[in-house]
1. Only residues that are over 23 Å from Arg436 (Cβ atoms), under 23 Å from the mean Cα position of the chain (by Cα) and aliphatic (A, V, I, L, M): list them for segment 115-141, please.
2. Can you tell me which residue within segment 83-100, out of those that are under 30 Å from Arg151 (Cβ atoms) and outside any strand (DSSP E or B), is nearest to the chain's Cα centre (by Cα)?
3. Which residue is farthest from Leu268 (Cα to Cα), if the candidates are limited to segment 122-145 and must be polar (S, T, N, Q) and modelled with pLDDT of 90 or more?
4. Inside segment 295-338, can you point out the residues that are of a type in the set (A, V, I, L, M) and surrounded by fewer than 23 Cβ atoms within 10 Å (Cβ to Cβ)?
5. Can you find, within segment 54-71, the residue that is farthest from Val401 (Cα to Cα) among those that are among the hydroxyl-bearing types (Ser, Thr, Tyr) and touching a helix residue (DSSP H, G or I) at 6+ places or on another chain (Cβ under 8 Å)?
6. Can you tell me which residues in segment 198-255 are part of a helix (DSSP H, G or I) and either of a type outside the set (D, E, K, R) or open to solvent by 50 Å² or more (accessible area, probe 1.4 Å) (or both)?
7. For segment 61-81, name all the residues that are open to solvent by less than 20 Å² (accessible area, probe 1.4 Å) and either modelled with pLDDT of 95 or more or at positive phi (or both).
8. Restricted to segment 284-294, and to residues that are aliphatic (A, V, I, L, M) and in contact with a Gly (Cβ under 9 Å, 6 or more places away or on another chain), which residue is surrounded by the most Cβ atoms within 10 Å (Cβ to Cβ)?
Amino acid sequence: MTSISSKKRTWKCPAIKWVGILSLFLASCDTPKEIGDDLFSVEVGLNYSDTVTIKSSTVLIDSIYTGSPNTLLVGNYTHPVLGTAEAAAYTQLSNIDTLRAKSTSVFDSLTLRLAYANYQGDTTKTQTISVYRLLDSLNRGTDYFANSAVRNDASLLGRHTFTPRPIRSKAINGDSVRLDTLRFRMSDTFGRELLSKYADVTVGAGSKGFRDYFPGMLFKASATSTGALIGFNPGYSRMTLYYHNPGDTTKYNLDYYFSLSNALYPELLARFNQIKSTKSGALAALQNPGNIVSSTATSGITYIQAGTGVATKVEFPYLLNLKGNRNVAVNKAELVLTAAENIDLQQTIGQLSIVETNATNRTLRNSYGLKYLLSEGGSSVLTAAIDPGAKTYTFNVTTAVQSLLVGKQPNTGWLITPALTANSAGNTRIINESARFVPLQAMKARLKIYYSYIAK
């Protein structure tokens, strides 16, 4: 801790007035310089501290929102400490163009194309994706979470075994420049069923009529298909029905989309990812929301993982010692968190946010969702992006630390989570479209505080 302080004698106008009067009528009294010396002497200082004790732990939080994602997650990914993350995608689909088949039309094939968006894990292992029909409809007005589920029919609409090849080509520097597409054939029985709907104008025209008839799909990986968690882009993925008419050389097709957008409605279809996590080893105690594991039990490392509810809690048990018996004003405060040295930046969470918590390690909420720390001088979510060189996340927490020092907020710690976002209603959620994670070095966590103080 560095300290710059001074002791000043401060004179107030009433004091000067009385000193003048006394000097005229009481020649035997002390000189004006000595009068009020003890009463008006104060210590004023400027300090910097980066030695505030930070207690770090890995915790499990609740209500992991996975609705309306930009990525459909399917597969399994296993980490030696974080355990296994298993994802399945529930989604609506619909056609824009009308099915204009005839009673004599002949079915050719039904093909599904899933455009790769990202991946995590070992893509050299063979995986199997199964597709099922949903029995209950999805709703864009419903909040879906990692543990949400919708009933599905047990009959298969399609199944495909493959070795993931998400990247088609690479640039010279090794960065991905083009993602591939997974293609496979769906059930012929299902294809013929779709073709037969030409006579039903409500269903054949698509939109709500089609979704009432066909509530949606479930994409699920086989339990033995461990290796990679794969993200598919719904905007570039589609299912296509191919058919022809006797005596006509023209080949016809109709596309069914997982993403329908226009100028008024950026997204018309509902979807969510179901993410299950199995913990083992040092983090096996993280079974229920609020469970906590100290960094001392995980070799000085805490974790944050999207999708599974794993977050890092930081606490400042001796922060008030900084204040003592002085009045303190925080000029600037920064929380700096350092990632492990061997992280893969392409598989690391790029942005983090801070959510308020209590002594039971639960996320605090208000009428707008999760209660988060505000950006300094603004009303948006306080977010820190990783510095790829230093591998650090730096949060400006000036106002938040001042609130702790003056007792405006309870000193029960903060939760460091994946970056927050807001839905169409303005409610804040944690972004969960992957199982990406970041390990943080507990011993390198720093709370840097520049502050002024006045003490008698």
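1. Once the filter is applied, which keeps residues that are over 23 Å from Arg436 (Cβ atoms), under 23 Å from the mean Cα position of the chain (by Cα) and aliphatic (A, V, I, L, M), segment 115-141 yields only Leu138.
2. Gln92
3. Among residues in segment 122-145 that are polar (S, T, N, Q) and modelled with pLDDT of 90 or more, the one farthest from Leu268 (Cα to Cα) is Thr124.
4. Ala297, Ile301, Val314, Leu319, Leu320, Leu322, Val328, Ala329, Val330, Val336
5. Thr58
6. If the condition is that a residue be part of a helix (DSSP H, G or I) and either of a type outside the set (D, E, K, R) or open to solvent by 50 Å² or more (accessible area, probe 1.4 Å) (or both), then Tyr198, Ala199, Val201, Thr202, Val203, Gly204, Ser207, Lys208, Gly209, Phe210, Asp212, Tyr213 are the ones that fit.
7. Once the filter is applied, which keeps residues that are open to solvent by less than 20 Å² (accessible area, probe 1.4 Å) and either modelled with pLDDT of 95 or more or at positive phi (or both), segment 61-81 yields Leu72, Leu73, Val74, Gly75.
8. It comes out as Leu286.
The values are calculated or read from the model by the stated rules, or taken from the named source; none is laboratory data. All figures in this text were calculated on a predicted structure; none of them were measured in a lab. All Cβ positions, glycine included, derive from the backbone under ideal geometry; neighbour counts span all protein chains shown. Surface accessibility is based on the protein's heavy atoms, side chains included, excluding ligands, DNA and RNA. Shrake-Rupley method; radii C 1.70, N 1.55, O 1.52, S 1.80 Å.
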